[in-house]
Structures are given as C-alpha cells and as structure tokens.
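Peer 1: This structure is in structure tokens; I'll ask about it shortly.
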Amino acid sequence: MHDKNGKAPNPGAEAGLPGDPVLFKVLTEISIISNLADREFERLMPGGLTLAQFGVLNHLLRLGAQQTIGEIASAMQVAQPSMSSTVKKLTDKSYVELIPDTEDRRVKRVKVTPAGRAARDRAVKATAPGLAALGEATPGVDWAAMLGELTRLRMLIDTKT
C-alpha cells in the first residue's frame with residue numbers, strides 16, 4: 001500500500017526494495033529479526049552472561065555434545081581466538097569445563113557443567129514475559145509450522161557454508 005505520492009506509509013517496513021526477489025526479502029527480514037531479538041535477549045541475560053556465552057551453552061546443550069573450541073568456533077562462524085576467549089570466560093564462571101578427549105588426551109573438549117545448564121535455563125526463563133507478549137500480539141500465527149520451515153531453511157543453508 002502506498003500513499004498518493006507512491007511512497008510506502010512506513011519507510012523501512014519492507015525488508016527489501018521494490019523488485020527484490022521475495023526470498024531475498026525473507027532472508028533480510030530474518031536477519032533484521034535476529035538482530036532485534038539478539039539485542040533484547042542480551043538485555044535480559046542474567047548474571048553477566050553475554051549473548052556469545054549463552055550461544056556456546058545453548059549450542060552444546062542443543063547438540064548434547066562436547067566439542068573442541070575449534071569445532072564450536074566453526075559451528076558459530078567465529079574466529080578460534082574469539083571462541084577461546086568466550087570459553088575461558090565460561091570456564092571462569094564454572095559454566096563449562098575442559099576435559100581431555102578420550103582418544104587424544106592432548107585435545108580438550110568443552111563440556112557444559114550443571115551450573116552452565118542452570119545459567120542457560122535462567123536466560124531462557126528471562127525471556128518468558130516477552131515471548132508471552134509476542135504470542136498474544138500475534139494470534140493465529142502457527143509458530144510450530146514456522147519453526148519447522150525455518151529449521152529446514154537453516155539446515156539447507158548450513159550445508160552450503
């Protein structure tokens with residue numbers, strides 16, 4: 001919808017420019033939502049937990065795995081020195097521990113501790129009021145269906161990188 005001068009009523013409301021492919025607009029919208037959600041989530045983080053630190057805890061718990069710093073850095077698409085710093089801070093907080101690999105004792109794997117799981121769970125719980133408000137503001141949205149489609153999209157894109 002445009003006004004009499006052909007301008008959109010809310011500049012910036014569309015994710016792309018007229019003529020952009022719809023898939024480009026969808027991915028742009030996802031990126032914008034991700035940035036907005038990250039800032040809000042970071043604001044709500046309890047106990048000095050950063051978004052990067054939460055990301056490591058969530059990643060390892062979601063996979064139910066222990067990984068090397070290099071594997072985590074690769075999965076999160078950050079440089080290994082940055083991930084080393086993040087893991088060091090999580091270790092200092094007792095949220096993770098480094099354990100020797102069972103096949104090569106020189107290799108260390110990052111393992112989430114019970115305190116790390118509790119910190120992750122507190123962070124998720126802190127989002128509950130905002131998520132409830134979002135759900136109330138979007139009646140009729142099938143969030144489970146959207147999650148399925150977004151998961152498929154993520155998995156497809158992840159195989160390309």
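Taken together, the values in this text are just the output of simple stated rules run on the coordinates, not laboratory data. Note that the structure is a prediction, hence the values are computed from the model and not measured. Here the Cβ is made from the backbone with ideal geometry for all residues, glycine too, and neighbour counts use every protein chain on show.
Peer 1: Per residue of the chain, what 222 nm ellipticity follows from adding -39500 (n - 2.57) for every DSSP H run with n ≥ 4, rounded to the nearest 500? Write down the numbers at each step before the final one.
Peer 2: Working: 7 runs with 98 residues, N = 161.
Roughly -19500 deg cm²/dmol at 222 nm, from the helical runs in the chain.
Peer 1: Using DSSP to call loops (not H, G, I, E or B), can you name the GluC sites (Glu not before Pro) in segment 69-131 whose Cβ has at most 16 other Cβ atoms within 10 angstrom? Could the numbers behind the result be given before it?
Peer 2: On the way: sites: Glu71, Glu97, Glu103; in loops: Glu103.
Hits after loop and neighbour filter: Glu103.
Peer 1: Turning to a different aspect of this structure: Under the 0.36 nm per residue contour assumption, what length would be gained going from the current alpha-carbon distance of Leu17 and Asp104 to full extension?
Peer 2: On the way: separation 87, 0.36 × 87 = 31.32 nm, distance 5.25 nm.
Result: 26.1 nm gained on full extension.
Peer 1: To continue, here is another question. Using per-residue counts of other Cβ atoms within 10 Å, averaged over each peptide, order 72-80, 131-139 from highest down. Each step should come with its number before you reach the end.
Peer 2: Working: 72-80: 15.1, 131-139: 9.6.
For the peptides 72-80, 131-139, the packing ranking is 72-80, 131-139.
Peer 1: At q = 0.09, 0.10, 0.12, 0.21 Å⁻¹, what is the base-10 log of I(q)/I(0) for the chain according to the Debye formula with one equal point scatterer per Cα and no solvent? Please give it to two decimals.
Peer 2: Debye intensities relative to I(0), on a log10 scale: -0.42, -0.51, -0.70, -1.45.
Peer 1: Please compute the modelled spin-label separation between Leu63 and Val124, points set 7 Å along Cα→Cβ, answer in nm with one decimal.
Peer 2: Computed distance between label sites Val124 and Leu63 equals 1.8 nm.
Peer 1: Say R0 is 22 Å: what FRET efficiency, to the nearest 0.05, do Ala144 and Ala79 get from their beta-carbon distance?
Peer 2: That pair, Ala144 with Ala79, gives E of 0.05.
Peer 1: Next question. Any idea what the relative contact order of the chain is, in percent, if you count C-alpha pairs under 8 Å spaced at least 6 apart? Display every interim value, and only then the final one.
Peer 2: Numbers: 114 pairs, mean separation 27.8, N = 161.
Here the relative contact order equals 17 percent.
Peer 1: Taking only pairs that are 8 or more places apart or on different chains, how many Lys pairs in segment 16-138 have Cα atoms under 26 angstrom apart?
Peer 2: Value for segment 16-138: 10.
Peer 1: How long are the semi-axes of the equivalent ellipsoid of segment 49-127, taking √(5λ) for every eigenvalue λ of the Cα gyration tensor, in whole Å from largest down?
Peer 2: Details: eigenvalues 79, 37, 24 Å².
One finds semi-axes of 20, 14, 11 Å for segment 49-127.
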